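The structure appears right after this line, and notes come after that.
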Amino acid sequence: MLAPAANAADVTGVAFVHGTGQQTNAYQDYWKPQMVDSVRQGLSNPANYTVINCDFEQYMWDSRAAGCLAGQLTSFINQRGITRLIVVTHSNGGNVMRWIMSNPTWDSRYPAIIDKVVRVNALAPSSAGTPLADAVMNGNVFEQSLGWLLGYKSDAVRMQQESWMAVYNGQYLYGTSGRPGLPRTFRSVVGSDVESAIWDSDSYCGGYAENVGLETTQNWLDDCSDGFLECSSQSAAGSVWFVDKSRTRDREPLSHNQSRRACFRLDTILRSDMQQ
């Protein structure tokens, strides 16, 4: 379902929703100011933004995850008088947002949030999970190599195992094949590769060490992946807005870490979208 068309009286705002992990300062630690401040400049009033800080080490429906997200979105909407809300999610943040949109009777705050949402721009969403979550839960080498990205055997990691996400998608979440559509547009930006050549300056965007780690884990994934998620998982819910190389500067791929940073004009694409 599409949101109502904008009119002159509308107040548009943007919310940045982080991925797996417990955040207390996602503006500085997860997204970085360069990303957030660039994107929000596309708003008529750049002050109409919020950066979510929740405990996404929990199951998506947990009060510390979806409940926290609902509380912070509600406060933002009410305090700033937001009538049109654009939500930018990364990774597992897309699952938490999908939970809210798929289960409006779960929490009395959900319907008002859904009513204000224009669309969700889901950056590298883990909509169908990842085999690396299975590897972490099994306690093999990935538990150490992916600690910086996933954490260790949390409920959120357990939830993102492929077989578990298949159950959630089939019974509790909307937007995947054969399921009802989501009430608002949910569109993904798909990261398709990782580059970490030491001589290539592009390999340093988002953190060189992180990109090296993602290129290593990519060996256990499909050819099309961002080092953490296969393209099929990123594309499993809603629609695909674009695959990285089709719109990034110099057709650069977006690793899973780079898709939450101001890399290869991703921020300017998102900034332009604030005006739509």
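Between the labelled values (i) 14.7; (ii) 13.1; (iii) 19.8, the entry that holds mean projected area of the Cα convex hull in nm² as derived from this structure is (ii). Once C-alpha pairs closer than 8 Å and six or more residues apart are averaged by separation and normalised to the residue number of region 149-276, the relative contact order reads 26 percent.
Using a probe radius of 1.4 angstrom, the carbon and sulfur fraction of the accessible surface of region 13-85 is 39%. With K and R counted +1 and D and E -1, the other residues having a Cβ less than 13 Å from that of residue 235 yield a net charge of -3. What FRET efficiency comes out for the pair residue 198/residue 247, r = Cβ-Cβ distance, R0 = 41 Å, nearest 0.05? The value I calculate is 0.95. Note: relative contact order over the chain, using C-alpha pairs below 8 Å and six or more positions apart, is 21 percent.
Hydropathy first: keep DSSP H helices in the chain averaging at least -0.5 on Kyte-Doolittle, then drop any whose Cα extent along the axis falls short of 15 Å, and list what survives.
68-80
Counting each DSSP H run of 4 or more residues in the chain as -39500 (n - 2.57), what helix-only mean residue ellipticity at 222 nm follows after dividing by all residues, to the nearest 500 deg cm²/dmol? Kindly include the intermediate steps, with their values, before the conclusion.
Numbers: 12 runs with 90 residues, N = 276.
Value at 222 nm, helices only: -8500 deg cm²/dmol.
Of all beta bridges that DSSP places with both ends in the chain, some 10 percent have antiparallel geometry.
Using only the Cα atoms of region 1-142, build the gyration tensor, take square roots of its eigenvalues as a ≥ b ≥ c, and label the shape rounded, prolate or oblate: rounded if a/c is under 1.5, else prolate if a/b is larger than b/c, else oblate. Don't skip to the end; give the middle numbers.
Values: a/c = 2.02, a/b = 1.52, b/c = 1.33.
It is prolate, given that a/c is not under 1.5 and a/b is the larger ratio.
Among the protein heavy atoms of region 152-276, carbon and sulfur supply 47% of the accessible surface, probe 1.4 Å, non-protein parts ignored. Among 23, 72, 171, the residue with the largest mean-square fluctuation in a Gaussian network model of the chain, with springs joining Cα atoms closer than 10 Å, is 171. Sum up the charges of everything whose Cβ sits under 15 Å from the Cβ of residue 58, counting Lys and Arg as +1 and Asp and Glu as -1, but leave residue 58 out. Charge balance in the 15 Å sphere: -2. Per residue, the accessible area of the chain comes to 39 Å², computed with a 1.4 Å probe over protein heavy atoms only.
Give the residues of region 53-91 whose amide nitrogen is closer than 19 Å to a point set 7 Å from the Cα of residue 115 in the direction of its Cβ. What the label zone holds, given the 19 Å backbone N cut-off, is 70-87. Other residues whose C-beta falls under 15 angstrom from the C-beta of residue 110 contribute a net charge of +1, scoring Lys and Arg +1 and Asp and Glu -1.
Springs join every pair of Cα atoms under 10 Å in this Gaussian network model of the chain, and among 22, 41, 79 the largest mean-square fluctuation is at 79. Here the Gaussian network model covers the chain, with springs between Cα atoms less than 10 Å apart; of 264, 242, 76, 242 fluctuates the most.
For the chain, a simple Cβ point-charge model (Lys and Arg +1, Asp and Glu -1, everything else neutral) yields a dipole of about 1120 debye relative to the Cα centre.
The values are calculated or read from the model by the stated rules, or taken from the named source; none is laboratory data. Quick caveat: nothing in here was measured; it's all calculated off a predicted structure. For neighbour counting, all protein chains shown are included, and Cβ atoms are generated from backbone atoms with ideal geometry for every residue, glycine included. The accessibility values were calculated without ligands, DNA or RNA, using every heavy atom of the protein model including side chains. Shrake-Rupley method; radii C 1.70, N 1.55, O 1.52, S 1.80 Å.
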